[in-house]
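Undergrad: Dumping the structure here so I can ask a few things about it.
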Amino acid sequence: MSLSFKKTTLLFIIFCGFLFFLINVIELNSNYKNIKTPNATKSLQNTLITKDISNKPPIETDDSNENSFKNVKKPKSKETIIIVKKDQTFSSILDNFNFDNKKKFAIINAINAIYDLRELKVNQKIIFLIDKNENVEKIIIELNFNTNLEADLRSDIKIVKKELETFSEINSQEYVISNSLYADGINNNIPNQILIKLIQLFSFDLDFQRDIQKDTKVSISYEKIFVKNKSDYALGDIEYAKIIIKNNTLEYFKFLTDDGFIDYFNRQGKNVKKSILKTPIDGARISSSFGMRKHPISGFNKMHKGVDFAAPIGTPVYAGGNGVIEMVGVNGGYGKYIRIRHNNEYKTAYAHLNSYRKGISKGVRVNQGEVIGYVGNTGRSTGPHLHYEIIYQNKKVNPLKLKLPSGKILKGDELARFEKNYKMILANHLNNLFE
Ligand SMILES: [Zn+2]
């Protein structure tokens, strides 16, 4: 009897102990969740928004990259940061470390195979990770805001380019114009680069001199892009812009179209842009229009199948519309020449260029208004100018007389996707403004 009583008590005590343990575990777990949740959701929201509306390639989250930062903090290896000075070569930077000549040239050759070291710029950052035996185990070159080149020297030389993880933040602001869209934007701490984009965005619909009056209200959301462990940031795209003039509201939302272009649409899914620009250059005057004329070089009467815009050498030339580069290169009397294919019916061509913008090559996608090259005087040309052609169904047509179709109007599934997207952008914008 007494034995069984003892047993029961013992069992009861064990059971209570287990219960106590269980409660603790549950409580710990819920505490852990409480700590984690807000951050996790916030960054998830941010990523979701960015992912949905940007056409940047998905960001590679690389654990080894994180490790390299952790290595920095380990006491065993230390880091030396070199900021490239004027006229300093990579070879002379390596002389600060204990490499023999053979190793030095092996490193330079290995890096040069992936990145041309002559492109090192003043103020570019190079990090050397040094182990406890004073040997450099890793060299990290910051190529741009979110790309590093890493040379691992521990056994063989291994070179990798690493995209750093980025995250973005949407900034939203509202202001009233008392002077101008630009000046008041600057006074409201909106970055210059974003204001220029804003002006471009509205330039299809607005005459800035006439339409914008005192007390016009502007609303804008734009993206700031950050990289982990860095304090500086890059500016991304405008997400949302609204301007209210008298009784007219212009409102545009950023959207990544099915064919891969970042573009802006109003709530009805209508594109802000006209399909092709008639003047793909700023502030130039027409020096020769489309039609018969005496050719200034040959002297013969000839049909001039384009429009000439006189402008100083180096003036930026814009892509007339969204499209794909079909040709870049010297093209006979045209000199340096670019042709863009916009769709099945329209192409545009740009001749006598001085140079092409870096990165412009056959097959590259360009957006309307993006700089593709610079005015020059190459080929059969009598002075610096841009010769611009619009080609419709393989015939050169007069750009100034052409009735251009308006920009894209979203339909069906694409429209449905846009609607979901714009509601998210708007909610985020309002939330930022009034939170
Ligand atoms: Zn011409």
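Undergrad: Residues Gly306, Gly332, Gly321, Gly291: which one is within 16 Å of the ligand (Cβ to nearest atom), out of contact with any Asp or Glu (no Cβ under 8 Å at 6 or more places or on another chain), of a type in the set (Gly, Ala, Ser) and under 17 Å from Tyr392 (Cα atoms)?
TA: Answer to the check: Gly291.
Undergrad: Of the residues that sit in the range 279-300 and are among the polar types (S, T, N, Q) and open to solvent by 30 Å² or more (accessible area, probe 1.4 Å), which one is modelled with the lowest pLDDT?
TA: Checking each candidate, the answer is Ser298.
Undergrad: In the range 106-141, what residues are under 13 Å from Ile82 (Cβ atoms) and of a type in the set (A, V, I, L, M, F, W, C)?
TA: Passing the criteria: Leu120, Val122, Ile126, Ile127, Phe128, Leu129, Ile130, Val136, Ile139, Ile140, Ile141.
Undergrad: Still on this structure: Kindly indicate which of Glu389, Glu414 is acidic (Asp, Glu), in contact with a Ser or Thr (Cβ under 8 Å, 6 or more places away or on another chain) and either farther than 13 Å from Gly306 by Cβ or more than 16 Å from the ligand (Cβ to nearest atom) (or both).
TA: Just a single option satisfies the conditions, and that option is Glu414.
Undergrad: Ok, one more. Which condition from (1) touching a helix residue (DSSP H, G or I) at 6+ places or on another chain (Cβ under 7 Å); (2) touching a residue at least 60 places away in the same chain (Cβ under 8 Å) is the one that Lys396 breaks?
TA: Every condition holds for Lys396 apart from (1).
Undergrad: Identify, by number, the condition in (1) in contact (Cβ under 8 Å) with a residue 60 or more places away in the chain; (2) outside any strand (DSSP E or B) that Ala416 doesn't meet.
TA: Result: Ala416 passes all but (1).
Undergrad: I've got another one for you. Output the residues belonging to the range 338-360 that are open to solvent by less than 50 Å² (accessible area, probe 1.4 Å), in contact (Cβ under 8 Å) with a residue 40 or more places away in the chain and away from the ligand (no atom under 15 Å from the Cβ).
TA: Hits for the range 338-360 are His342, Tyr346, Lys347.
Undergrad: Run down Phe97, Phe105 and say which single residue is without any contact (Cβ under 8 Å) to a residue 24 or more places away in the chain and hydrophobic (A, V, I, L, M, F, W, C).
TA: Matching residue, one of Phe97, Phe105: Phe105.
The values are calculated or read from the model by the stated rules, or taken from the named source; none is laboratory data. The shown structure was predicted, so the numbers you read here are calculated from the model rather than taken from an experiment. All Cβ positions, glycine included, derive from the backbone under ideal geometry; neighbour counts span all protein chains shown. Just the protein is used for accessible areas: all its heavy atoms, side chains included, with ligands, DNA and RNA removed. Shrake-Rupley method; radii C 1.70, N 1.55, O 1.52, S 1.80 Å.
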